[in-house]
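Scroll down for the structure; my scribbles are underneath it.
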Amino acid sequence: MDEIGGIANALRSARGVVVLTGAGISAESGLRTFRGNEKDMGSLWKSFDPMRLATPEAFLADPETVTKWYDWRRRGCLAAEANAGHRALAEMERRLTGTGSESRPTRHRSETGATSFTLLTQNVDRLHQKAGSVNVVELHGSIVEWRCVRCRRKTVPGAEEFARVPAPSPCCAGEMLRPDVVWFGEALPVEAVEAAQFAVAGCDLFLSIGTSAVAYPAAGYVQAAAAMGAKTVEINAEETPISGMVDWTIRGKAGEVLPRVVEGAWGGE
Ligand code: OAD
């Protein structure tokens with residue numbers, strides 16, 4: 001049986017599915033990855049120094065530059081559309097859980113015997129939600145939301161907030177807004193890590209999609225799932241450190257491979 005057929009069968013018999021996505025799944029929406037080798041766009045960390053843009057120290061040293069860079073990326077994410085890869089994952093969730101996109105997130109296998117589905121994403125672009133995915137865990141936060149550096153209250157800023165740079169906090173006088181993303185040297189949100197660990201512990205199928213699998217702790221979830229007996233899948237344009245340890249690996253674009261996987265699993269119904 002080919003890889004698509006093997007993954008499709010595993011999906012149909014799974015009771016708990018976890019998907020981990022990275023910047024690669026949004027590349028076909030026109031958003032640049034951090035470390036990929038896409039010919040047309042060039043990846044972010046090859047053009048920009050993360051230590052001068054994506055650390056708390058960089059923000060304190062030069063809040064204007066960091067704010068402008070994240071506002072530029074924020075606008076790019078808001079303007080981007082979900083692609084066929086995002087839509088296939090939303091369809092996968094609907095098929096597995098038997099729920100519509102209007103349903104509420106679930107962390108537990110439902111009483112109807114439906115499979116649980118958790119989408120762990122390292123992406124901050126909100127494109128999974130735009131595509132209709134429901135149970136999404138944002139491991140690295142969101143670039144759409146910003147928060148007050150003093151009281152951490154979140155807000156969804158618009159162009160008017162960025163008329164002044166750094167953007168002033170709407171709640172605490174004299175304070176700044178920062179993007180609600182995880183920077184290098186910062187811990188992931190506690191609730192996101194708990195949700196991820198819970199889902200990984202209960203899954204029997206784990207798919208790693210469009211991630212270079214080098215940023216921890218997210219990169220460690222595939223090994224954790226495999227150690228607990230789950231079947232593992234990688235879909236990526238290039239080889240990564242986990243390519244040799246997964247049960248199935250498909251070299252290709254997420255927006256082309258994922259619709260074939262969903263079609264393979266449920267196309268005849
Ligand atoms: P990376 O940029 O490290 O990796 C993107 C991966 O996607 C690469 O392995 C590419 O080969 C692959 N890729 C590119 N286009 C693809 C496509 N169309 N289909 C499938 N795969 C494709 O991005 P992440 O793994 O998400 O963290 O990076 C992890 C974290 O490191 C990010 O969340 C960010 C970054 O520093 C923070 O900013 C905290």
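Every read-out reported here was derived from the displayed coordinates using simple, explicitly stated rules and does not represent laboratory data. Remember, it's a predicted structure, so these values are computed and weren't measured experimentally. Cβ sites come from the backbone with ideal geometry, for glycine too, and all protein chains shown count toward neighbours.
All Cα-Cα distances of the range 146-269, cut into 10 Å bins from zero to the largest, leave 11, 28, 25, 20, 14, 1 percent in each bin in turn. Under 5 Å between amide hydrogens, built in the peptide plane, is the criterion, and for Glu145 it picks out Asp180 among residues at least 5 positions away or on other chains. What the phi angles of the range 69-75 give under the Karplus curve with 6.51, -1.76 and 1.60, with θ = phi - 60°, is a coupling list of 5, 6, 5, 4, 5, 4, 5 Hz, glycine and proline written as x.
Around the Cα centre of the range 1-100, unit charges on the Cβ atoms of Lys, Arg, Asp and Glu (plus for the first two, minus for the last two) sum to a dipole of about 200 debye.
Here Lys46 is the anchor, and the aspartates and glutamates within straight C-alpha reach of less than 12 Å, apart from those fewer than 8 places off in the same chain, are Glu38.
Rg/Rh, computed from the Cα trace of the chain with Rh as the Kirkwood radius, has the value 0.98. Taking the Cα centre of the chain as reference, the dipole from Cβ charges on Lys and Arg (+1) and Asp and Glu (-1) amounts to some 400 debye.
Extending 7 Å from Cα along the Cβ direction at Arg15 and again at Thr55 yields two label points whose distance is 4.6 nm.
By the rule of a C-alpha distance below 19 Å, with chain neighbours fewer than 8 residues away ignored, the lysines paired with Lys253 are Lys39.
Sort Asp125, Asp204 by Cβ crowding within 10 Å, fewest neighbours at the top. Present the calculation step by step, with values, prior to reporting the outcome.
Values: Asp125 25, Asp204 17.
Placing the least packed residue first, the sequence is Asp204, Asp125.
Fully extending the segment from Gln197 to Ala227, taken as 0.36 nm per residue of separation minus the present Cα-Cα distance, adds 9.5 nm. Test of understanding: in a Gaussian network model of the chain with alpha carbons linked when under 10 Å, which of Val181, Val233, Val165 would top the mean-square fluctuation ranking? Result: Val165 has the largest fluctuation of those listed.
When exposed loop sites are taken as chymotrypsin sites (Phe, Trp or Tyr not before Pro) in a DSSP loop with at most 16 other Cβ atoms within 10 Å, the longest stretch of the chain clear of them is 49-183. What the Cβ-Cβ distance of Lys68 and Ala187 gives, at R0 = 25 Å and to the nearest 0.05, is a FRET efficiency of 0.45. A Gaussian network model of the chain, with springs between Cα atoms under 10 Å, assigns the largest mean-square fluctuation among Val156, Val257, Val136 to Val156. In this structure the amide hydrogen of Met176, modeled in the peptide plane, comes within under 5 Å of the amide hydrogens of Val149, Arg150, Ser169, none closer than 5 places in sequence on its chain.
For Asp2 and Glu239, the difference between the fully extended length at 0.36 nm per residue and the C-alpha to C-alpha distance is 83.5 nm.
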